[in-house]
Amino acid sequence: MWFLTIFAFLFAVRALAQNQTTGKLGDAMVVMNNPPMASYVAMFPRNGMSKVKGKVTAMSGKDGKGVNFSLMLQGLPKEGGPFSFHLHDQPVPMDGNCTGTKAHLDPYQRGQTPACDMSMPQTCEVGDLSGKHGKIEGTRVSKNFMDMYAALVPGIGAFFGNRSIVIHYSNSTRLACANFTMDMMD
Ligand SMILES: [Cu+2]
């Protein structure tokens, strides 16, 4: 009988783990229909309060599948990292206060806990970019990655083109934030 007990236990642990990491509305869906070559940019600093300078660009590919993010930032503090970064639900308000960006972009209602498991990005909050792709370290960073769940399709929950990106200290305090706007390329 002992093996049945162990089997039941393992099954329960697995079920629990799945429940904990999946949103109330299920796993995030891969975005297949981004407008081809759509381009958005978030410029830092959003205001004079932060020393972080640079930009985050987000571009969809020719086939509309996924979004390529490029972080080019400098002026990050020497202390307080590694820094996490997320797409947040609201844009930065006029006063530049990063608190106004509210929570992470989380259209599947997963919540922040437990932490995102990089090997199962579909179970993470859509906005948890550093959870899915790694935190940033050092005073300057150049980092590229493809995210399959953040969307450049206006009107759907995972759309971030009218929202913000927030960089946090390791203690989760908000360090800097900026709004995405459509990038008019010449
Ligand atoms: Cu955040």
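A few points about this structure:
- Residues satisfying the stated conditions in region 141-186, i.e. open to solvent by less than 20 Å² (accessible area, probe 1.4 Å) and within 12 Å of the ligand (Cβ to nearest atom): S164, I165, V166, I167, H168, A176, C177
- Scanning region 6-35 for residues that are under 30 Å from Q74 (Cα atoms) and at pLDDT below 95 yields no hits at all.
- Among the residues making up region 150-169, those that are β-branched (V, I, T) and under 13 Å from the mean Cα position of the chain (by Cα) are I165, V166, I167.
- Residues located in region 47-63, provided they are within 18 Å of the chain's Cα centre (by Cα) and open to solvent by 60 Å² or more (accessible area, probe 1.4 Å): K55, M59
- Single condition P114 does not satisfy, out of (1) in contact (Cβ under 8 Å) with a residue 40 or more places away in the chain; (2) open to solvent by 30 Å² or more (accessible area, probe 1.4 Å); (3) within 15 Å of the ligand (Cβ to nearest atom); (4) of a type outside the set (G, A, S): (3)
- From the options D89, D106, D95, residue that is open to solvent by 20 Å² or more (accessible area, probe 1.4 Å), among the charged types (D, E, K, R) and away from the ligand (no atom under 14 Å from the Cβ): D95
- So S84, is it surrounded by 17 or more Cβ atoms within 10 Å (Cβ to Cβ), in contact with a helix residue (DSSP H, G or I) (Cβ under 7 Å, 6 or more places away or on another chain) and under 14 Å from C177 (Cα atoms): yes
- Considering region 64-79, the residues that are surrounded by 15 or more Cβ atoms within 10 Å (Cβ to Cβ) and not hydrophobic (A, V, I, L, M, F, W, C) include one that is nearest to the chain's Cα centre (by Cα), namely G66.
The values are calculated or read from the model by the stated rules, or taken from the named source; none is laboratory data. Being a predicted model, the structure only gives us computed values, none of them experimental. A quick note on method: Cβ atoms are made from the backbone with ideal geometry, for glycine too, and the neighbour counts reach across all protein chains shown. Accessible surface is based on the protein model in full, side chains and every heavy atom, while ligands, DNA and RNA are left aside. Shrake-Rupley method; radii C 1.70, N 1.55, O 1.52, S 1.80 Å.
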